[in-house]
1. Kindly provide the pair-distance distribution of the chain built from C-alpha pairs, with 5 Å bins from 0 and whole-percent values in order of increasing distance.
2. For a quick check: sort 12, 66 by the number of other beta carbons within 10 angstrom, fewest at the front.
3. After finding the eigenvalues of the alpha carbon gyration tensor for region 52-112, what semi-axes result from the square roots of 5 times each, listed largest first in whole Å?
4. How far is it, in nm, from the label point at residue 112 to the one at residue 96 when both lie 7 Å from their Cα along the line to the Cβ?
5. Any idea how far the Cα center of region 3-39 sits from the one of region 65-129, in Å?
6. Would you kindly state how much longer the chain becomes between residue 44 and residue 120 on full extension, computed as 0.36 nm times their sequence separation minus their alpha carbon distance, in nm to one decimal?
7. If you take the Cα atoms of region 7-53, find Rg, then find the Kirkwood Rh from the mean of 1/r over all pairs, what is Rg/Rh?
8. How would you order 34-40, 105-111, 19-25 from highest to lowest mean count of nearby Cβ atoms within 10 Å?
Ligand code: SF4
């Protein structure tokens, strides 16, 4: 049986790769939307990569870690795992059928797609679905 998480939104930490491509920026916008909708808190991946002690400690206090990567290179996932964190929910934007390019034009429906995918995954983990 899948483990249920009773965590509060402020205990759900969201990281995105925020990479320099359309899919990296879609990952960033999806994380912003999830935070603005009160699903969780958007945290700084760069602080984890930089081993900033306060951010490491704050992340240790999180109960559910969400990571959004733009593409299979998986920079957010690798950064978190390299620092010893386990990711509870994870998505790569390209896995949702969105092709990577470097024009940095992002489409609202693509952001919606990532947000809806993660909302569903998080709700299921919290026992709401
Ligand atoms: S996961 Fe892909 S899009 Fe994101 S930072 Fe890495 S290479 Fe760029």
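1. With a bin width of 5 Å, the distribution comes to 2, 12, 23, 24, 20, 13, 5, 1, 0.
2. Lowest count first: 12, 66.
3. Ellipsoid half-lengths, sorted descending, are 26, 12, 11 Å.
4. Result: 1.2 nm between the two label points.
5. Region 3-39 and region 65-129 have Cα centres separated by 8 Å.
6. Gain on stretching residue 44 to residue 120: 25.1 nm.
7. 1.01
8. Going by the mean number of other Cβ atoms within 10 Å, highest first, we get 19-25, 34-40, 105-111.
We did not get these values from a lab; they are worked out from the coordinates using the rules stated. Note that the coordinates shown come from a computational prediction; the quantities given were computed from them, not determined experimentally. Please note: Cβ atoms are built from the backbone with ideal geometry, for glycine as well, and neighbour counts cover all protein chains shown.
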